[in-house]
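The values are calculated or read from the model by the stated rules, or taken from the named source; none is laboratory data. Bear in mind the structure is a predicted one, so any value in this text is a computation, not a measurement. Here the Cβ positions follow ideal geometry from the backbone for every residue, glycine too, while neighbour counts run over all protein chains shown.
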Amino acid sequence: MVRRSLFAGQALRALRHRRGLRQADMATALGISASYLSQLENDERSLTAALADTLASAFPVDWADLAPPAVDDLAETLRAALGDPQLAAAPAGEQIERLARQFPDLARQVVQLHGLYTRARQRLDMMDETIGTSLAAGGRLPWEEVRDWFHQANNYVDALDRGAEDLAARIGAGEPSPDIAQMEQWLAGEGVRVLWRGGGPVRQFDAERRVLTLDSNQPLESSRFQIAYQVCALALADTIAGIAGAATLRSDAARDLLAVGLGNYAAGALIMPYEAFRQAARTLRHDVDRLRQPFHTSFEQACHRLSTLQRPQARGIPVFFCRVDMAGNITKRHSATRLQFGRYGGACPLWIVHEAVAIPDRIHVQLAEMPDGVRYVSIAKGLVKPSGSYYRPPRRYAVALGCEAALARDFVYADGLNLRSEEAVTRIGTSCRTCPRDACDQRAFPPSDRSIAVDPAERDMVPYRLIPGK
């Protein structure tokens, strides 16, 4: 098995131009000479495995989008398996390629073992789900099916996203985001009249009378979102129906909920068009308060949209997003990172999002480490949605957004953190039922796969200790 040469001149030039770097600057970042980089860009020399590793480390998001296809699928699959964060640092690229060339059967077995391990972890998560909801295995509720559908789609629906982006260009007349008047004008062209009334449903559409009624007590950002939903529900009706109809779901209720979820997705894509929003996020280093201004969105809407930037060859930085209510329930969630939320109930009490619920309208920042050793820069902000009446309590919740610490230079909120300080790291977990940490003062109950020992003569912060390996 002979290693085939990998030429990446076009990808390297595209990467350099995307980052606005001169050849000398990029060569310095890669630890090579400018003349060597010039030869690589002109395909006079092939890309070595070591340099490919350096590119993936220095420009993880950009290189993932621009890198040419691997010439050795087994080596790439092995590289992904050995890059699991719960393993020690992966071997150098040359070593992985040599292992795949010289011992292909062993390499395939390593990949297979990693696949078995990954599926075992997923089964443990499903056990956590079953325990947390007291449901029989496989008894998912309709909203759970829809949540999992979006998770499997990586929270990105290409046909809807591109359709909404084209629609925004037509309606918005050159503006970054169509405003309410422009969307009302589009609806009028479809024979739909918009009425604003205080109280009642947030949005109600009478298809026979072609009347859309909106609650005028909503914040402006919510009103824009609801009118955008109706625009997309009409303009992209066939696309939404086709996707919902093709989905493998168990009930009509789940299919209807998916159609609503797709409408919400399209509405977000209409008022925050993909490429304009992605470029603004890059330029502003994901400063959400600045990012929401040109698109006239709420803090939550902008955070949620950041989690959907998963278009192939044009991705945003991988982030996680969630919304947590006053009781600690995760009511929205998506992660394009390696972090996965507990499928039910409260998240780790050490996570900053819980403090944010209690102290609204302030951005809380945290450097957190998961049990697999991966560190994340996480922000959380408590929000209060007014109800419009003294007799209706306002909605209080918090949203969280974060990325892996390795991408901190693209995340403005990391600027004030000491990323190298061990004392500055908060060690959190996904759920007490699956968290393996032995010494945690905040543990609510032991992990489901560990036994405990209780000593009546000794009491620590928790009244038991975990037995290693059991």
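Things worth noting here:
Matching residues to (1) buried (at least 17 other Cβ atoms within 10 Å of the Cβ); (2) more than 21 Å from Gln226 (Cβ to Cβ); (3) within 9 Å of the chain's Cα centre (by Cα):
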position	(1), (2), (3)
Phe299	yes, no, no
Ala302	yes, no, no
Thr308	yes, no, yes
Pro312	no, yes, no
Gly316	yes, yes, no
Val319	yes, yes, yes
Arg323	yes, no, no
Ala327	no, yes, no
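- Criterion violated by Asp415 - all others in (1) over 28 Å from Leu309 (Cα atoms); (2) surrounded by fewer than 14 Cβ atoms within 10 Å (Cβ to Cβ) satisfied: (1)
- Residue match in region 350-358 (condition: in the same structural domain as Gln152 (by TED's automatic domain parsing), without any contact (Cβ under 8 Å) to a residue 60 or more places away in the chain, buried (at least 17 other Cβ atoms within 10 Å of the Cβ) and not in a loop (DSSP other than H, G, I, E, B)): no
- Of Thr239, Thr308, all but one fail to be part of a loop (DSSP other than H, G, I, E, B) and among the hydroxyl-bearing types (Ser, Thr, Tyr); the exception is Thr308.
- Within region 225-236, considering residues that are under 26 Å from the mean Cα position of the chain (by Cα) and of a type in the set (Gly, Ala, Ser), the one surrounded by the fewest Cβ atoms within 10 Å (Cβ to Cβ): Ala233
- Once region 184-224 is narrowed to residues that are within 17 Å of Leu167 (Cα to Cα) and out of contact with any strand residue (DSSP E or B) (no Cβ under 9 Å at 6 or more places or on another chain), the residue that is surrounded by the most Cβ atoms within 10 Å (Cβ to Cβ) is Arg224.
- Here Ser387 meets each of (1) at pLDDT 80 or above; (2) farther than 22 Å from Val61 by Cβ; (3) in a loop (DSSP other than H, G, I, E, B); (4) in the same structural domain as Ala327 (by TED's automatic domain parsing) with one exception, condition (1).
- Scan of region 399-457 for residues that are farther than 21 Å from Ile317 by Cβ, free of Cβ contacts under 8 Å to residues at least 40 places away in the same chain and not in a loop (DSSP other than H, G, I, E, B), ordered by number: Ile452, Ala453
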